[in-house]
Each structure stands twice: as structure tokens, then as C-alpha cells.
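The values are calculated or read from the model by the stated rules, or taken from the named source; none is laboratory data. Keep in mind the model is a prediction, meaning the values are calculated, not measured. In this analysis, Cβ positions are derived from the backbone assuming ideal geometry, glycine residues included, and neighbour counts consider all displayed protein chains. Side chains included, ligands, DNA and RNA excluded: accessible areas come from the protein's heavy atoms. Shrake-Rupley method; radii C 1.70, N 1.55, O 1.52, S 1.80 Å.
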Amino acid sequence: METFRQILDNFTTTSCFGLSLIESEGMVLRVLELSGDENRRVMETLIRTYRKSLNLTPLSLQKGPHSMNI
């Protein structure tokens, strides 16, 4: 959890965000900014880092021109 917080703290963005552990296994990322693209960048960064920490391959979620490629 601390590693993910450090990565997000060093990430340059105009989005406001917070990262919390939940009682069951997992965490919650909250992101707030008027720009959906900026919010997506924060989410992509965290998901990419999380998947890499588990030795999982990157995801390619292609649904349209604004899809997330993580």
C-alpha cells in the first residue's frame, strides 16, 4: 500500500486522489478532477503498477477511442 501511495504522490496530475485499504482484501482509489482523461491517467498508473507487482501481464481494455490501455 505504501509503495502505491509513493508512486501516486510522485505522479504529476491536477487530479485529487486518495487511496484506502478496505476491511476485506483490497483497496479503493478515489479520483476527482473535471478532466476524465486526467482521472484515467491516475487510474491507469495505479492499475499498471498493481498488476506489475503481481507479475501479471498488462491489460488492454479497448471499447472505443477513450478506452483504458493498462
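Points to keep in mind about this one:
- Any hit, the stretch 36-57, residues being modelled with pLDDT under 85 and part of a loop (DSSP other than H, G, I, E, B): no
- Within the stretch 4-35, the set of residues being part of a loop (DSSP other than H, G, I, E, B) and of a type outside the set (S, T, N, Q) comprises 11, 22, 23, 25, 26, 33, 34.
- Counting only residues that are more than 15 Å from residue 5 (Cβ to Cβ) and surrounded by 16 or more Cβ atoms within 10 Å (Cβ to Cβ), the stretch 25-42 holds 4 of them.
- Residue count for the stretch 6-24, restricted to those that are farther than 14 Å from residue 41 by Cα, open to solvent by less than 90 Å² (accessible area, probe 1.4 Å) and within 14 Å of the chain's Cα centre (by Cα): 3.
- The condition of being in contact (Cβ under 8 Å) with a residue 40 or more places away in the chain and touching a helix residue (DSSP H, G or I) at 6+ places or on another chain (Cβ under 6 Å) holds for only one of 49, 3, that being 49.
- Cross-chain or 6+ apart pairs with Cβ under 7 Å, the stretch 16-32 first and without any contact (Cβ under 8 Å) to a residue 40 or more places away in the chain, then of a type in the set (S, T, N, Q) and surrounded by 10 or more Cβ atoms within 10 Å (Cβ to Cβ): 27/20; 28/20; 31/15; 31/39; 32/15
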